[in-house]
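First comes the structure, then the notes that go with it.
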Amino acid sequence: MSLPSGIADELKKILGPEGFLESEEDLRSFAYDLFASHKPDAVALPATVEEVSAVMRLCNQHHVPVYPRGSGTSLAGSPVPVLGGLVLCSSRMNKILEVSVTDRLARVQAGCVTGNLQKAAAEKGLMYPPNPTSCLYSTIGGNVSTNAGGASGAKYGVTRDYLLGLTVVLPGGEIVRMGNRCQKDVTGFDLPRLLCGSEGLLGFIAEVTVKLVPLPESIRTALAYFKDAAEAGSVVTDIVSHRILPCTLELMDGVFLKTVAEVYGVPCPEGAGAALLIEVDGPDMVLEGQMKTIEEICNAHHAVGMEFAHSEEERDILWKARRGGTAALVRQADRLVTLDYAVPISLLPRALKIMDKLAAETHCNVVTIAHAADGNLHPMVLYSPSKPDEAAAYDAFCDASTRAILELGGTISGEHGIGLEKKAYMPMQLGDEQMRIMRGICRLFDPYGIMNPGKLER
Amino acid sequence: MNGPTCEYCGRCLSVCPSYRHHLVETFGPRARIDLARAVASGELVPGERYHEAIKSCMQCLACTEICGKGVDGAQIILDARLAEGDGRLTMKRRLEKLVTCALLPRRELTRKVIRACSLFQWIFPLDRRGSIRHLPDALCGAAGKRSMPALAKKSLFDILPERIMPPDNVTQIGEVALFTGCFGGLVNVEASLRLVNALTARGYTVFLPRAQSCCGAPAQLSGFGDAFEKAQAHNAEVFAACPDMPVLTLCATCHRTLSREYTLAGKELAGRIVDAAVFLRRHDARFGFDSPLPPLPAAALLRQQERPISATDPLVVAVHDPCHFRLDNQVKHAIREELASKPWIKLVELPDPGACCGGGGISSLKNPDIADELGEARARAVIESRADIVTAQCPGCVLQLNNHLKRLKATARACHTLELIGK
């Protein structure tokens, strides 16, 4: 399928030859993310907000589906153009417009890679804390659309917590500036935060203003091993109960550790069935005491080994297990799907036990890691889609684990978003009333339903 | 196509210079890998855009290095170019073929042609930056930058005999063969001479086969498989004359090609390839070698700011890591250890370590705009590091860095690593 020729010509006029792509090769290249793939009818690469506005107005008039896209690094199929139409990609709008030390904020275009924003802030002694694993290649626009989190979420929160303002282009082409540069603002509904996590259903995010915080003075890192994941999970609840808020608290299960040991030769103490990577940051004098308390807690839970980093190089070594582990796992399977549940922190040990039990019941190869301090767990399923029994086991595990998480009062997505992956389960968590309100909001922003159609059930 | 399948995670986008330049997914590694596989399996009929995408790869290996799944993006693109081969010979491709397949394998002819071009380049209009505009891109690109490289007065083979013995006062401890590459033989002869001196001073007899030719990388990177196989077979035969000797290289691209891409006739030769700096490092670690503080010809490299260099006021040296050593980490360490062992050198690191300078292989031929952008960024990094000298274990990088440092009117200069550690 392709766009009606009149529309294609119009788009070419708006965007110029470099900004409008419709060759087979280009359509293929803008079809996928990590989860799914479907070819669009055309691709638009606007360079300015005005171009975005003109494109949206035209598509709205002719009811052409519009699929906003950043770097296409979603794990849930959120940007995939399932109904064809136009992919509207922000990659050429990648400028850092301003980093203000006095106003403690940064203003960037949506296509700016989050890592570049972090670097620009750090150069001025400030920090943009949300830190998704993909931050070196995902865009801030995509991060806002999915309300991205990451390893530092428990202490620093997620993208939404840093959002001050957005420039959004509505389907009718209206350019709306929501929020402002104020650190406090209670005038009207909080529309920027409504758009955050809306996965491209309400409008195209063109520009983002985020709050920045001072860079912490220093950081301490420790790696502790325990007999199993549930034990490590209870260490997490204990640390949090002691009113310590680590900036990193990454939980890795036994299979994960074993794989790292095999692939990288990183030694792992005898009897270790899980590990916690713990980091606290802040003023140096406070960290000493916090680390001591953490060490005591780990010992009380019979830690089978503990290591501390005293330099940046040693810190890198401790992180090696966590960073290299996913890569090592990915190499062992045809396909690795990372699920993304979150539960109340107190229920994390139980959730981890349930994952183990369900994996055994469904004969599914599941390895679990967790951003433990905010109760966000990532069971990673390794399987071969071409083998029918493995594919069926994957489906069975996903279904059973989703239901179990909902029963625990958890959520089916902590930070990856719903996209296509969990579309069918969303009504189960939210119920009819919330779904009705959400559909109503969509209609209000987008009467013709051109924004990212095929995602939210409607 | 073999090898692990791509997960489409997009991590490679964070390191690809071509994607950073274009900001279009089609010119990033993820899409190139997908397109190459689709064409290879017959799923996609290649159009003009496919050829553009395959051409846009700088072969810097950054995507290969960063991929968690172990997908060798650079190799997949190289295979795709070889599959393209003679498929669509446009005027530019014909010229590319002439240079990479017919000219470069003939050393004397290459020398004469470059010399002729250097003489006549003055009659062509220059653009603002002093590089030639109207010479065919391909010819200039093959020479490594877009103006003719300054040829050495004599080629290495005119200066040295085929076998160079250690001085009388040094005990002979072994024999090595030297693969000079086009640059090491014709352009950066100084680096080759330094290497030979360093080797003989340590007791090695150096064998310099005169019949050796271009390693074939330019032909292979351009997708001309036949010419590459011919180069491989030729060099395999030449170096079969010294079957017990390690074969030393002084160019990252030659090293990558000889050690990783010689998989057919040259398989035996591939097993004997050692980077010269690694070889010297291994020797020094095992036997030790006292490098006396030289009468400081290093200062001559600085030209504009000649100053006496001593242990208290050392030469500040930054190391640029050539992309084609990305998968051979020991080179990086060997060079730094070898340089750090000199009391008159102070090592500094460049910002953005591992960044490509755009000078390797035939990058400047295939993607002159990206190569220019990268070269300038790298030159700026050198200036920021306040180094007197930036050094690279690759004559292509040296040429590119010097070109851009001059354009920026910087006082720092680039030189081959062996010009420093060979002393």
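Bear in mind these aren't lab numbers, they're just calculated from the coordinates by the rules spelled out. What you are looking at is a predicted structure, and each value in this text was computed from that prediction instead of being measured. With ideal geometry, Cβ positions are generated from the backbone for all residues, glycine too; neighbour counts draw on all protein chains shown.
Between B:V348 and A:K387, the modelled labels are 5.6 nm apart [label points 7 Å from Cα along Cα→Cβ]. In this calculation the C-beta distance from A:E50 to A:R436 is compared with R0 = 51 Å, giving a FRET efficiency of 0.90. Once you have a ≥ b ≥ c as the square roots of the Cα gyration tensor eigenvalues for the stretch A:220-316, tell me rounded if a/c is under 1.5, and otherwise prolate or oblate according to whether a/b is larger than b/c. Oblate shape, in that a/c is at least 1.5 and b/c is the bigger or equal ratio. In the stretch B:1-103, the convex hull through the Cα atoms has an average projected area of 6.8 nm², a quarter of its surface area. Residue-wise HN-Hα couplings along the stretch A:138-143, as the Karplus relation 6.51 cos²θ - 1.76 cosθ + 1.60 with θ = phi - 60° gives them from phi, are 7, 9, 5, x, x, 4 Hz; Gly and Pro carry x.
Here the stretch A:1-143 yields Rg over Rh of 1.02, to two decimals, using C-alpha coordinates and the Kirkwood radius. Under 15 Å from a point 7 Å along the Cα-to-Cβ line of A:E295: which residues of the stretch A:308-344 have their amide N that close? The answer is A:308-311, whose backbone nitrogens lie closer than 15 Å to the label point. Applying 1/(1 + (r/R0)^6) with r as the Cβ-Cβ distance of B:L109 and A:S311 and R0 = 56 angstrom yields a FRET efficiency of 0.50. About its Cα centre, the dipole of chain A is roughly 880 debye, where the only charges are +1 on Lys and Arg Cβ and -1 on Asp and Glu Cβ.
Taking amide H as placed 1.01 Å from N in the peptide plane, A:M127 has its amide H under 5 Å from the amide H of A:V213, A:L215, each at least 5 places away in sequence or on another chain.
Note: chain B, Cα convex hull, 141 Å³ per residue. Note on chain B: with charges restricted to the Cβ of Lys and Arg (+1) and Asp and Glu (-1), its dipole about the Cα centre is near 1000 debye. Amide hydrogen proximity for A:A206: with H placed 1.01 Å from N in the peptide plane, the residues at 5 or more positions away or on another chain lying under 5 Å are A:T167, A:V168, A:V169. Remark: relative contact order (chain A) = 15 percent; criterion is Cα-Cα distance under 8 angstrom and separation of 6 or more residues.
Since only A:P283, A:S311, A:L336 are under comparison, the one whose Cα sits farthest along the positive direction of the charge dipole of the stretch A:250-354, derived from C-beta charges on Lys, Arg, Asp and Glu, is A:L336.
Counting neighbouring beta carbons within 10 Å and listing from fewest to most, the residues A:I317, B:I54, A:I96 come out as A:I317, A:I96, B:I54. Annotation for A:V266 and A:M428: the two label points, set 7 Å from Cα along the Cα-Cβ direction, are 3.3 nm apart. Pairs exceeding a 20 Å alpha-carbon distance, out of A:K357/A:K455; A:K320/B:K69; A:K258/B:K332: A:K357/A:K455; A:K258/B:K332. For B:V319, the residues whose amide H sits under 5 Å from its own are B:V348, B:L350, B:T391, ignoring neighbours fewer than 5 places away on the same chain, with H placed 1.01 Å from N.
Ordered by the count of other Cβ atoms within 10 Å of each Cβ, fewest first, A:M252, A:M127 give A:M127, A:M252. Counts of other chain beta carbons within 10 angstrom of each beta carbon in peptide A:324-337 average 3.
Ranked by the mean number of other Cβ atoms within 10 Å of their residues, highest first, the peptides A:229-240, B:276-287 fall in the order A:229-240, B:276-287. A simple rule links phi to the HN-Hα coupling: the Karplus curve 6.51 cos²θ - 1.76 cosθ + 1.60 with θ = phi - 60°, which for the stretch A:40-50 gives x, 8, 6, 10, 10, 10, x, 9, 9, 4, 4 Hz, with x for Gly and Pro. Along the stretch A:410-426 the Karplus relation, 6.51 cos²θ - 1.76 cosθ + 1.60 evaluated at θ = phi - 60°, assigns HN-Hα couplings of x, 10, 7, 9, x, 8, 7, x, 8, x, 8, 4, 10, 3, 5, 8, 4 Hz to successive residues, with x for each Gly and Pro.
Compare the peptides B:85-91, A:145-151 by average per-residue count of other Cβ atoms within 10 angstrom and give them in order, highest first. Don't jump to the answer; show the numbers that get you there.
Numbers: B:85-91: 10.9, A:145-151: 26.0.
With the highest mean Cβ count within 10 Å placed first, the list reads A:145-151, B:85-91.
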